[in-house]
1. Specify the residue that is farthest from the chain's Cα centre (by Cα); the eligible residues are those in the stretch 42-61 that are surrounded by fewer than 20 Cβ atoms within 10 Å (Cβ to Cβ), in a loop (DSSP other than H, G, I, E, B) and touching a residue at least 24 places away in the same chain (Cβ under 8 Å).
2. Can you say whether residue 103 is surrounded by 22 or more Cβ atoms within 10 Å (Cβ to Cβ), out of contact with any Lys or Arg (no Cβ under 6 Å at 6 or more places or on another chain) and free of Cβ contacts under 8 Å to residues at least 40 places away in the same chain, as far as the supplied structure shows?
3. For the stretch 122-156, which residues satisfy the criterion of being acidic (Asp, Glu) and either modelled with pLDDT under 95 or under 12 Å from the mean Cα position of the chain (by Cα) (or both)?
4. Could you pull out the residue among 86, 76 that is under 14 Å from the mean Cα position of the chain (by Cα) and at pLDDT 95 or above?
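The values are calculated or read from the model by the stated rules, or taken from the named source; none is laboratory data. As the structure is a prediction and not an experimental result, all values here were calculated from the model. Every residue, glycine among them, receives a Cβ derived from its backbone with ideal geometry; neighbour counts consider all protein chains shown.
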Amino acid sequence: MEKTSFTLNREQLELSVDKTTPLLWVLRDHLGLTGTKFGCGKGLCGACTVHLNGVAIRSCSVALGSIKDQKITTIEGIGNHPKFQELKRAWIEGNVPQCGYCQPGQLMNATALLTASPDLDKEAVRFGMSGNICRCGTYQRILDAIETVKNKEGNHE
């Protein structure tokens, strides 16, 4: 089996895992990083969201072989990202999670969204987050937390 090398959470890795294995299962089963969740297995729910070179992707739909020599960031590795820290505070202050299962994917998507486009209006944020499903229905709290971060940034300029 050929090795695949990539950067995971700022650490260079080289793995001998079948290249067709979805990144989600490499992260969870081979590397023990269980913060990235399995939801639908079809890239539709967002529970498995990670960053590929800073862009939010669904790790259940991406084969290991397609990430060769690229940078992956998981919920375990994003902790020092300034946007993530702001969102995490807003999540806590807004009492966003209920069951919490979708929250890693929600936070990863929101971090990528606001990092790429900090000036999005409410409708663009709603659209950008629409691919992340929350079975508990805390969508309004999620959107309010994102708006809180956006408003704090706007007050500092």
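1. Kept after step one, since they are surrounded by fewer than 20 Cβ atoms within 10 Å (Cβ to Cβ), are these residues of the stretch 42-61: 42-44, 52-55, 61.
Filter once more, so that each one left must be in a loop (DSSP other than H, G, I, E, B): 42-44, 53-54.
Next cut, touching a residue at least 24 places away in the same chain (Cβ under 8 Å) only: 44, 54.
Numbers: 44: 14, 54: 10 Å.
By that ranking, first place goes to 44.
2. Working: surrounded by 22 or more Cβ atoms within 10 Å (Cβ to Cβ): yes; out of contact with any Lys or Arg (no Cβ under 6 Å at 6 or more places or on another chain): yes; free of Cβ contacts under 8 Å to residues at least 40 places away in the same chain: yes.
Yes, satisfied.
3. Filtering the stretch 122-156 for residues acidic (Asp, Glu) gives 123, 144, 147, 153.
Correct list: 153 only.
4. Working: 86 fails: under 14 Å from the mean Cα position of the chain (by Cα).
Unique residue meeting the criteria: 76.
Here is a yes/no grid of residues against (1) buried (at least 18 other Cβ atoms within 10 Å of the Cβ); (2) in the same structural domain as residue 100 (by TED's automatic domain parsing); (3) of a type outside the set (S, T, N, Q); (4) in a helix (DSSP H, G or I):
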| residue | (1), (2), (3), (4) |
| --- | --- |
| 123 | no, yes, yes, yes |
| 142 | yes, yes, yes, yes |
| 145 | yes, yes, yes, yes |
| 148 | no, yes, no, yes |
| 151 | no, yes, no, yes |
